[in-house]
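Undergrad: Okay, here's the structure, questions in a sec.
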Amino acid sequence: IPITGKVKKDQTKQQVPWWNNNCKEALKEKKKSLNKFRHSGNSTDYLEYKSKEKLTKEIIKEAKLTSWRNFCSTLEVKNCNAKQIWNKIKAIKGTGNNSAPNIKGITSNLDKANAIAKHFASMSGNNNHTEIFQLHRAE
């Protein structure tokens, strides 16, 4: 299978409706403090990292809750669609449709192979693993 080129990082991430700038900044600060602790090994830096980690979890939890409340406020009791609700739950959890790529419009076998290869490359990337697993894998 020929190499199809690099997949951009943003293309492989599952988009979630609750992600906002507060989440982004909190995660950025948490990663900074983790890197600082890794380089220094200092217990003060470790405590700072744990503090940032806790704050990040709280910010993300609040963003998810706000997103869910906003979604629920748009629902009408009479026209409640169960599929719509479950799709929203999956979106908030970040578990989207991880099925095989749609290759119906592709006619040549080479293009089909490239589409499938691109799909599996994005599915097996580091973005699908937890941060702890990525750290363990890097060692």
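Undergrad: Which residue out of 130, 74, 56, 107 is modelled with pLDDT under 75 and hydroxyl-bearing (Ser, Thr, Tyr)?
TA: Working: 74 fails: modelled with pLDDT under 75; 56 fails: modelled with pLDDT under 75; 107 fails: modelled with pLDDT under 75.
Of the residues listed, the single one that is modelled with pLDDT under 75 and hydroxyl-bearing (Ser, Thr, Tyr) is 130.
Undergrad: Give the number of residues within segment 5-44 that are modelled with pLDDT under 95, surrounded by 13 or more Cβ atoms within 10 Å (Cβ to Cβ) and either among the acidic types (Asp, Glu) or in a loop (DSSP other than H, G, I, E, B) (or both).
TA: Selection size over segment 5-44: 8.
The values are calculated or read from the model by the stated rules, or taken from the named source; none is laboratory data. A quick note: this is a predicted structure, and the numbers were derived from the prediction, not measured. Please note: Cβ atoms are built from the backbone with ideal geometry, for glycine as well, and neighbour counts cover all protein chains shown.
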